[in-house]
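Inspection log for the structure reproduced underneath, given as structure tokens.
The values are calculated or read from the model by the stated rules, or taken from the named source; none is laboratory data. Predicted, not measured: the structure shown is a model, and the values here were computed from it. All Cβ positions, glycine included, derive from the backbone under ideal geometry; neighbour counts span all protein chains shown.
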Amino acid sequence: MIRPYETMVVYDGTLGEDSLKKEQKAVEDFLREKSEFEAVDVWGKRDLAYEINKKRSGYYCLFLYKSEGGLIAEMEADFRLNASILRFLTVRRDPNKIIDPQKSGRSGDASGEKNERDNRKNERDNQKEE
């Protein structure tokens with residue numbers, strides 16, 4: 001059964017721009033060949049919350065696609081062997097929710113996420129006061 005997925009890949013932030021483009025294109029080509037590739041949302045270089053393999057920064061890319069579940073295991077096996085990939089996570093998306101990377105406000109800007117966290121924190125604080 002074909003289902004919608006999204007995979008977040010965190011590349012080594014110390015890689016050069018050419019290497020990053022090459023790595024990103026390799027994943028895109030793999031997905032175009034073996035799935036219904038939808039889009040890639042490049043979040044850019046960001047500081048990591050904690051060190052991973054003695055690295056302090058990572059380059060984030062979100063890949064959106066539809067595929068069979070078996071493709072995920074194959075792709076993640078390749079990710080585990082790739083030294084340029086620090087972390088990855090694949091989740092199944094809600095088929096009714098439409099994601100437009102151009103309108104998501106995520107590309108290179110974490111301010112939307114911060115505002116969302118602040119709003120949730122304020123709501124919790126208000127509930128505690130009541």
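Give the residues of region 2-27 that are more than 12 Å from Ile85 (Cα to Cα) and in contact with a Ser or Thr (Cβ under 8 Å, 6 or more places away or on another chain), sorted by residue number.
Selection gives Ile2, Arg3, Tyr5, Glu6, Thr7.
In region 58-75, which residue that is free of Cβ contacts under 8 Å to residues at least 60 places away in the same chain, surrounded by 17 or more Cβ atoms within 10 Å (Cβ to Cβ) and not aromatic (Phe, Trp, Tyr) is farthest from Met8 (Cα to Cα)? Spell out how you get there, then give the answer.
Restricting attention to region 58-75, the residues satisfying the condition of being free of Cβ contacts under 8 Å to residues at least 60 places away in the same chain are 58-63, 70-71, 73-74.
Filter once more, so that each one left must be surrounded by 17 or more Cβ atoms within 10 Å (Cβ to Cβ): 58-63, 71.
Going one step further and asking which of them are not aromatic (Phe, Trp, Tyr), we end up with 58, 61-62, 71.
On the way: Gly58: 12, Cys61: 6, Leu62: 4, Leu71: 15 Å.
Across region 58-75, the extreme among qualifying residues is Leu71.
State the number of residues belonging to region 1-20 that are among the hydrophobic types (A, V, I, L, M, F, W, C) and in a strand (DSSP E or B).
Restricting attention to region 1-20, the residues satisfying the condition of being among the hydrophobic types (A, V, I, L, M, F, W, C) are 1-2, 8-10, 15, 20.
So of that shortlist, the ones also in a strand (DSSP E or B) come out as 8-10.
Residues in region 1-20 being among the hydrophobic types (A, V, I, L, M, F, W, C) and in a strand (DSSP E or B): 3 in total.
Kindly indicate the residue of region 44-57 that is charged (D, E, K, R) and under 17 Å from the mean Cα position of the chain (by Cα) and also surrounded by the fewest Cβ atoms within 10 Å (Cβ to Cβ) among those meeting that condition. Spell out how you get there, then give the answer.
Just the residues of region 44-57 that are charged (D, E, K, R), to begin with: 45-47, 51, 54-56.
From the residues that got through so far, the ones that are under 17 Å from the mean Cα position of the chain (by Cα) too are 45-47.
Values: Lys45: 16, Arg46: 14, Asp47: 9.
My answer is Asp47.
From the residues in region 24-43 that are in a helix (DSSP H, G or I) and more than 14 Å from the chain's Cα centre (by Cα), which one is surrounded by the fewest Cβ atoms within 10 Å (Cβ to Cβ)? Talk me through it step by step, then tell me what you get.
At the first step, the residues of region 24-43 found to be in a helix (DSSP H, G or I) are 24-34.
From what is left, the residues that are more than 14 Å from the chain's Cα centre (by Cα) are 25-26, 29-34.
Details: Lys25: 12, Ala26: 13, Asp29: 11, Phe30: 17, Leu31: 22, Arg32: 12, Glu33: 8, Lys34: 15.
Here the answer is Glu33.
Across region 76-92, what is the number of residues that are surrounded by 15 or more Cβ atoms within 10 Å (Cβ to Cβ) and within 12 Å of Glu23 (Cα to Cα)?
Selection size over region 76-92: 4.
Taking region 63-118 only, how many residues are at pLDDT below 65 and part of a loop (DSSP other than H, G, I, E, B)? Give the steps one after another, and end with the answer.
Of the residues in region 63-118, the ones at pLDDT below 65 are 98-117.
Next, only the ones that are part of a loop (DSSP other than H, G, I, E, B) stay: 98-110.
So the answer is 13.
Provide a single number: the residues in region 14-23 that are loosely packed, with under 14 Cβ neighbours inside 10 Å and either in contact with a Pro (Cβ under 8 Å, 6 or more places away or on another chain) or of a type in the set (Asp, Glu) (or both).
2
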